[in-house]
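Derivation of every value follows stated rules applied to the coordinates shown; laboratory data play no part. The shown structure was predicted, so the numbers you read here are calculated from the model rather than taken from an experiment. Quick reminder, even Gly has a Cβ in these numbers, built from the backbone with ideal geometry, and neighbours come from all protein chains shown.
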Amino acid sequence: MSKLYPWQNELWQRWIGLRARLPHALLLKGPQGVGKLDFAMAVAQSLLCREPQEGGLACDSCPSCHWFQQQTHPDFRLIQPEILSAQEEANESGKKPARQISVDQIRALTDFSTLSAHQGGYRVVLIHPAETMNASAANALLKTLEEPAGQMLFILVTHKPQQLPPTILSRCLALAAPLPSPDTSVAWLKQQGLDDPSILLAQAGFAPLQAVRLAEEVEDVGEYQRFLQEVGRPAQFDVFALAEQLQRTDPAKVIHWLQQWCYDLGSAKLTGKVLYHPNLADAIQSLAAKIEIFGLLRYQKDLLVARREATHPLNPRLQFESLLLAYRQMAMGNG
Ligand SMILES: [Zn+2]
């Protein structure tokens, strides 16, 4: 966890320089996709670590580092919009997860900032992405920044500092995370297994982590097409081949695809309309005609359970096999 990207060594040195006269709030700004959040986490962990390494990085082995990595450190808070954290639960309750950081999330820090640290050292609050604070959240934060308490550091991470109120900016010490040189990025991307990263890197605006995201999307598009092709013709569906192909895809994502597909099957059957796959409406309609609605409902219930448990399946391929076999059976009218 407390490893820096190869292009962040200089940035780390600048941070170490600041540490001696530590401000109450640090603004870590810079383009998207250069690893700002990871860097901010490394800063937070190093401040909480009991035995930092020589260069100032966290040791990764003391109890404090252990709690940090388990996301249970009592002196650390990560504040981010609901959509980035509690997505799963929010979806199940039927409520859309918030895209903004709310005033309640900031107010909940009041207790945290007035208590003294559990471990007797620093307390750290990381706000990410800081520009997603709504106006009242920003105001509440300003109040907290105006009355700083003890050894406490706020780290605001943003790629849109111009969207933050000047009153907040003026209370932060800014640290700019630069775009790495193309050579550094290309070398790193090759280490990540990308064969010819130059074009992708350019498409990503020379931000290496953005390039990784683009590469994953390209891969996903291919797998999603294959998935649609197979589930669309259950009679010829080779479950084991697809499960093998998907085994490196995030199980939650595959289950989500299945949920959207089944949603459209049900919707086509009951209302004649589809939502997620308008280009496949005819195929879905004719497939839906052969399906038993109760079999479909049962299967959708199984998907909900699977999605809840999808975070750490021991063997994703086996899980895909069983879900896809059940799908085939259901879609053939034997559900
Ligand atoms: Zn440590």
Check your understanding: When we measure straight from the Cα of K273, which aspartates and glutamates land under 20 angstrom away, once same-chain ones fewer than 8 places off are left out?
Key -> D264, D282, E292
Check your understanding: Using a cut-off of 29 Å between alpha-carbon atoms, which lysines can reach K29, once sequence neighbours fewer than 8 places away in the same chain are excluded?
Key -> K3, K96, K143, K160, K190
Point to revise | Label point distance in nm, E219-L179, each placed 7 Å from Cα along Cα→Cβ | key: 2.5
Exercise for review: Once you have the Cα-Cα distance between K253 and L304, take 0.36 nm times their residue separation minus that, and quote the gain in nm to one decimal.
Suggested key: 17.1 nm
Revision key, fill the gap. Listing D220, D264, D196 by rising number of other beta-carbon atoms within 10 angstrom, fewest first, gives D196, D220, D264
**Study point:** Cα-only Debye scattering, the chain: base-10 log of I(q)/I(0) at q = 0.09, 0.10, 0.11 Å⁻¹
**Key:** -0.64, -0.76, -0.88
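Hey, could you grab the Kirkwood Rh for the stretch 1-85? Inverse mean 1/r over distinct alpha carbon pairs, Å, one decimal.
13.7
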Exercise for review: Translational diffusion coefficient, Stokes-Einstein: compute it for the stretch 160-208 using the Kirkwood radius over C-alpha pairs as Rh, at 37 °C and 0.692 mPa s, and state it as an integer in µm² s⁻¹.
Suggested key: 254
**Study point:** Inter-site label distance for L4 and Q229 at 7 Å from Cα along Cβ, in nm
**Key:** 4.6
**Study point:** Orientation-averaged projected area, Cα convex hull of the stretch 119-161 (nm²)
**Key:** 3.3
